[in-house]
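Step one of this worksheet: look at the structure below.
Only the coordinates and a few stated rules stand behind these numbers; no lab work does. Everything quoted here is computed from the prediction, not taken from an experiment. Every residue, glycine as well, gets a Cβ built from its backbone with ideal geometry; the counts of neighbours run over all protein chains shown.
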């Protein structure tokens, strides 16, 4: 498949960007027009969380897809997918802080007061410390911070390709922690966390197979190699 | 003499020739199915892309009495109460029951009475309701998931029904069972919980005047997604004790194993009394979100019904008997 750089840059990328933004836009619209459930705050928290996982899966899928299809321009979408994972992850964290922590505070001196800030920090901190699934979720979000900070071309240059690559393997941890966080919070129906777990596991297994060279590795990488060179 | 040599490979282990010849398609199909399944799970619409629909209005119930047990708090809307339901038999998403219970058949309905009592056997729903005075009971409803609603149930004291069954002195607990019809209840097709759903009450809890069997909502016949035609309301306990679509009532000597305790005994107990001081292992129960509000409310001991029910548990360690 031959698609010129110009098409990727001026057509595909803007389209993918807008498409990636659409879940957030939809949530805002649905929230304002009363199109969420009877518990809209819980919907906002759940949906931003699920979209974080989806974008993490997309980020992790780029390299395997690129290898399997041989369509190299895919790499140009990896940063965007990763940044959207951070975007939705941050929205998720903020909804939690506001709808779950802030809304549960006492306001002895009114809402606009220093005690509010202090109590909020204490409430978030204690929850992260006390509840394992929150600890894991918060850690997952934290791992995305250095990745986002080093996502610019300038940072790649400054770090050097090798170190940059090494640092960005941290996203594997983000994926695993994200799935674990989802797994630990559901009440009984683990089918969805299980699905995300399977997807993340498959995407990580692809890398493991490539690296360690066991079993099917030969077949998969030869196939991939042939496709990439034939192009 | 003919000595038979055993076959090297059992015929059952030989791959079907058709499958062998078409192995590529087979692998493709299998991979395709797996990918499709993963894609539906990951990208498939969750909650949001589906439009939940409030229950259609049902038949008005006649001769409803007001009750002094009613709360005077602001009622939650019909829309809230009929689109935000935990009714896993119709799906684990809150809006699924409102869509998937639409054609649920509640007539005819039979409740079977069994166990340590004199009047055993099947009973028509009409006979269960016969001679009972329906009351409007506006109760606080607190879910174990930290949300709450104010709901105008229509029902009658469970004790009226129990007396009719003439339990023996051996009856120490009442066990309730929900219908388990996988043809009508799509949720039963996944082993999310051990079906059918079971709940139980201690005899004194069951006989308490606050405990009611519910047959209606907002003056109308109970909508399917809320547990039609007959469900339980025990307002000082978490929502999961309020068993829905009851088909069996059994009087027993030993404490029943309720479904959520069976699912996760460290998180859900038998008593499940609303208690702000005893956290769920994964979240605090000190506050709750009233549906329709932004700031959370403080959760009240026994959901605010302490004056009436605290004496049932005097001397009991409620931290252990959660």
* To do: Rank these for me by crowding, B:301, A:144, going from fewest to most other beta carbons within 10 Å.
  => B:301, A:144
* **Cα centroid separation, segment B:276-322 to segment B:155-189 (Å)** => 25
* What whole number of Å gives the distance from the Cα centroid of segment B:202-218 to the Cα centroid of segment A:73-103? -> 46
* Structure fact -> Scattering profile of segment B:56-309 from the Debye formula, Cα beads only, expressed as log10 I(q)/I(0) at q = 0.10, 0.13, 0.17 Å⁻¹, is -0.45, -0.80, -1.50
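Among B:154, A:209, which comes first, second and so on when ranked by fewest other beta-carbon atoms within 10 Å?
Fewest-to-most Cβ neighbours within 10 Å comes out as A:209, B:154.
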* **Ratio Rg/Rh [Cα only; Rh per Kirkwood] for chain A** => 1.02
* Asked: Just A:124, A:112, A:179 to compare: in a GNM of chain A, with alpha carbon springs under 10 Å, which one fluctuates most?
  -> A:112
* To do: Mind sorting B:96, B:166 by how few other Cβ atoms lie within 10 Å of their own Cβ, fewest first?
  => B:166, B:96
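Need one number: convex hull volume per residue for the protein assembly as shown, Cα atoms only, in Å³.
Values: hull volume 137.7 nm³, N = 553.
Here the figure is 249 Å³ per residue.
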* Structure fact -> The alpha-carbon center of segment A:155-183 and that of segment B:235-262 are separated, in whole Å, by 47
